[in-house]
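Chemist: Please see the structure below; I have some questions.
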Amino acid sequence: NLFWNYLKNSTIFNATTFEITGITAGAFYTLFVPNKAAMNQAITAGLLPGTVAVPNFTPTTTADKLLVEKFILYHFLDKRTVVANGNDIGSFPSMLRNTAGDPVTFSILYPGGIFEVGDGYGRKARMVSTLNNNLSNRTVIHLVDNYLKY
């Protein structure tokens, strides 16, 4: 629910059309949603505005709005669906772009047969096996036990 509240109040979400800026019509995506504990860790780490006690879902400063945008976009795998079948291993582009306009990547691995997403800082997020492979419109949604740091 924390991830959704940040998303639905972000500047990249259109509440009228329910569209996310940057999503290409007809393309496929994978979304890695950090669980509540991971979201609280991201807030504590300063990657999202607010505090654990009072998350700021509607930031007013440009800097805080940008924090939310970057966090959300880095948890989307761009134009590709991935399920926990061991077939997709390696580095993949997120929807987040760096200052040069290139996608910021993350890795997908299966150490010991466990689905794991890793960021450029060595953080690992493992899929919560009971809540994975949820389908949405052209999107697979996975709950993960950690956040990704861009």
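Chemist: Out of all the residues in the stretch 86-96, which are within 20 Å of residue 145 (Cβ to Cβ) and open to solvent by 80 Å² or more (accessible area, probe 1.4 Å)? Full working, then the answer.
Modeler: Looking only at the stretch 86-96, we keep the residues that are within 20 Å of residue 145 (Cβ to Cβ), and these are 86, 88-89, 92, 94.
Hit for the stretch 86-96 is 89, nothing else.
Chemist: In the stretch 61-72, is there at least one residue being part of a loop (DSSP other than H, G, I, E, B) and farther than 20 Å from residue 146 by Cα?
Modeler: Within the stretch 61-72, one or more residues are part of a loop (DSSP other than H, G, I, E, B) and farther than 20 Å from residue 146 by Cα.
Chemist: Further question: Look at the stretch 73-96 and say how many of its residues are in contact with a helix residue (DSSP H, G or I) (Cβ under 8 Å, 6 or more places away or on another chain) and in a strand (DSSP E or B).
Modeler: So the answer is 3.
Chemist: So, in the stretch 67-85, of the ones that are over 20 Å from residue 25 (Cα atoms) and in contact with a Leu (Cβ under 8 Å, 6 or more places away or on another chain), which residue ends up most open to solvent (accessible area, probe 1.4 Å)? Steps first, answer last, please.
Modeler: Initial filter on the stretch 67-85 (over 20 Å from residue 25 (Cα atoms)): 67-68, 70-71, 83-85.
Right, trim to in contact with a Leu (Cβ under 8 Å, 6 or more places away or on another chain) and you get 67-68, 70-71.
Numbers: 67: 41, 68: 3, 70: 74, 71: 2 Å².
That would be 70.
Chemist: Also, quick follow-up: May I ask you to list pairs of residues, at least six apart or on different chains, whose Cβ atoms are under 6 Å apart, with the first in the stretch 33-53 being within 20 Å of residue 117 (Cα to Cα) and the second being β-branched (Val, Ile, Thr) and crowded, with 22+ Cβ neighbours inside 10 Å?
Modeler: 34/144
Chemist: Taking into account only those residues within the stretch 97-127 that are open to solvent by 60 Å² or more (accessible area, probe 1.4 Å) and assigned to a strand (DSSP E or B), which is nearest to residue 141 (Cα to Cα)?
Modeler: 126
Chemist: Can you tell me which residue within the stretch 116-145, out of those that are among the hydrophobic types (A, V, I, L, M, F, W, C) and at pLDDT 85 or above, is farthest from residue 39 (Cα to Cα)?
Modeler: By that ranking, first place goes to 140.
Chemist: Could you check the stretch 13-22 and list, in sequence order, the residues that are free of Cβ contacts under 8 Å to residues at least 12 places away in the same chain and either among the basic types (Lys, Arg) or assigned to a loop (DSSP other than H, G, I, E, B) (or both)?
Modeler: Selection gives 15, 16, 17, 18, 21.
The values are calculated or read from the model by the stated rules, or taken from the named source; none is laboratory data. Remember, it's a predicted structure, so these values are computed and weren't measured experimentally. Cβ: placed from backbone, ideal geometry, glycine included. Neighbour counts: every protein chain shown. Areas reflect the complete protein model, heavy atoms only, side chains present, ligands, DNA and RNA absent. Shrake-Rupley method; radii C 1.70, N 1.55, O 1.52, S 1.80 Å.
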